[in-house]
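Read through the structure below, which is laid out as structure tokens, and then see the notes.
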Amino acid sequence: MDRRATCRFFVALVLAVSFSAGAENIKIAYIDPLSGMMAATGDHGLRELQFVVERINAKGGANGQKFEVVPMDNKLSPQESLALLNRAVDEGIHYVFQGNGSSVAGALIDGINKNNERNPDKRVVFLNYAAVDPDFTNSKCSFWHFRFDANSDMKLQAIMSTMIGKKEIKKVYIIGQDYSFGHQVSKTAKQLLKEKRPDVELVGDELHPLAKVKDFAPYVAKIQASGADTVITGNWGSDLALLIRAARDAGLKAGFYTFYAGVVGAPTAIGEAGVDRVKVVSYYNANEGTEKELKFIEEFKKKYGATEDPYTTTMQHAMDLLVAAMNESKSTDPAKVARAMEGKKVSGYFGEVEMRKDDHQLIQPLYVMTFAKVDGKKVKFPADGTKDFGFRTDVKIDAAKTAMPTSCQMQRPQVSANP
């Protein structure tokens, strides 16, 4: 082979290698329950993430690279999640999505911190779309962790702002799941009641096993016996659906303040009995969606059916910020992308959102809403799995007003200037 032919060969080889590298997918591990009692919630989240990724890939991905979602069933187990994290690292995955269960999220934060310290060439960024323990953006904050949901303290502040003027609320019962998140909800709810509604009597404060209770009738009987007129619960998934169903079957007249009454299974369980009595605090409110959010909802329902709502807007915000950070840094290197995500603002689906640099907590608008009948005016969209019921806006809390102080002392790694 002559010199000129040899040069052409090596140029072709370099181009082929470059093309191959450019075409390699950016893999995202989705570590959440895809079996067991919370499978419906995990499955729904997977569909939403896959749908968001499909839309991004159709527009060219990030820097010309497409994304690929790798589902991993953690069975809602922190130990299983750590094993799956190790698998993801072995497979060269640098980005992990998880949201169901703060016990799982806490284990992943710790596991990712250790992995990234020991294996700087195999670093991982954690995109937390729903685990809301406030410690994750306070005492346990990590450079590698980004939260896209409002934490439980932020949500309870929003709830309490609507309870202040309601003198009909006289007796409150707190019920939640027996793990870090449930403990945080109980602690903060009691503190806020004492500060903002000292006239209210706390008549119950109970925790139950996570994702193990199949009959909540005994718990509802306790609530009835207490004389509570209001229930505060952070329950989610089957634990919320079964609790509300038991309350409906028992004819419990108390009002409910919830975090997740709009998610899969809950609106159906609420039904007629919950009209004007069940409330939810959420970043998702179809009645207040921007044009791009309404288009997203329409396309999602066209693909998955009218009974499913894409209520996990945190998925959209997480991917939008991830793509923007990759494009800005012209890299998929986890440290560079994480740096680029810090402090970034984007036009959100219900208003502008910001990934706060201090603690990696997304600052976004929140809504407190009441379960109500669809009327085509204040309640335009039926909630997940129903035809006649949706949520009516009580109050919108602007993003800046949802922000709370943080005790985070962020430790940031050095980022190489080299690609």
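The values are calculated or read from the model by the stated rules, or taken from the named source; none is laboratory data. These numbers come from a predicted model, not from an experiment. Counting neighbours? That spans all protein chains shown, and the Cβs are built from the backbone with ideal geometry, glycine included. Accessible surface is based on the protein model in full, side chains and every heavy atom, while ligands, DNA and RNA are left aside. Shrake-Rupley method; radii C 1.70, N 1.55, O 1.52, S 1.80 Å.
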Report summary line: Here the Cα Rg-to-2.2 N^0.38 Å ratio for segment 206-313 is 1.18
Query raised in the report: Can you tell me the Rg and Dmax of segment 123-261, counting just the alpha carbons, in angstroms?
Result: 15.7, 53
Query raised in the report: Considering only protein heavy atoms and a 1.4 Å probe, what is the carbon-and-sulfur percentage of the accessible area of the chain?
Result: 51
Requested in this report: Measure out, as a whole number of angstrom, how far apart the alpha-carbon centroids of segment 128-183 and segment 284-348 sit.
Outcome: 22
Query raised in the report: What is the P(r) of segment 38-152, as percent of Cα-Cα pairs per 5 Å bin from 0?
Result: 2, 11, 21, 23, 21, 14, 6, 1
Report summary line: Sorted by chain and number, the residues with a modelled amide H under 5 Å from that of LYS27, at a separation of 5 or more or across chains, are GLU68, HIS94
Report summary line: If the chain between LYS303 and LYS196 were fully extended at 0.36 nm per residue, the gain over the current Cα-Cα distance would be 34.0 nm
Query raised in the report: Rounded if a/c is under 1.5, else prolate if a/b beats b/c, else oblate: with a ≥ b ≥ c from the C-alpha gyration tensor eigenvalues square-rooted, which is segment 51-99?
Result: prolate
Report task. Please name which of GLY99, VAL52, GLY42 has its Cα lying farthest along the dipole of segment 38-101 towards the positive end, using unit charges on Cβ (Lys, Arg +1; Asp, Glu -1) and the Cα centre as origin. Result -> VAL52
Report summary line: Here the relative contact order (percent) of the chain, from C-alpha pairs under 8 Å and at least 6 apart, is 15
**Report entry** Convex hull projection area averaged over all views, segment 138-185, Cα basis, nm²
**Finding:** 4.6
Query - Too-long pairs where the Cα-Cα distance tops 19 Å, listed order kept, from LYS27/LYS59; LYS167/LYS253; LYS75/LYS212; LYS155/LYS377; LYS75/LYS279 - result: LYS155/LYS377; LYS75/LYS279
Query raised in the report: Hey, how much of the P(r) for segment 295-382 falls beyond 17 Å, as a percent of Cα pairs?
Result: 60
Query raised in the report: Put a dot 7 Å past each Cα toward the Cβ at THR268 and LYS114; how far apart are the dots in nm?
Result: 4.0
Report task. With only Lys, Arg, Asp and Glu charged, each at its Cβ (+1 for the first two, -1 for the last two), find how big the charge dipole of the chain is about the Cα centre; round to the nearest 20 debye. Result -> 540
Report summary line: At R0 = 25 Å the Cβ-Cβ FRET efficiency linking ASN287 and ALA58, nearest 0.05, sits at 0.35
Report summary line: Cα-based Debye curve of the chain sampled at q = 0.06, 0.07, 0.13 Å⁻¹ gives log₁₀ I(q)/I(0) of -0.26, -0.34, -1.11
Query raised in the report: Taking a quarter of the surface of the convex hull around the Cα atoms of segment 215-262, what do you get in nm²?
Result: 3.0
Requested in this report: Apply the Karplus parameterisation 6.51 cos²θ - 1.76 cosθ + 1.60, with θ equal to phi minus 60°, to every residue of segment 183-194 and state each ³J(HN,Hα) to the nearest whole Hz, in sequence, with x for glycine and proline.
Outcome: 5, 5, 4, 4, 4, 6, 4, 5, 5, 5, 4, 5
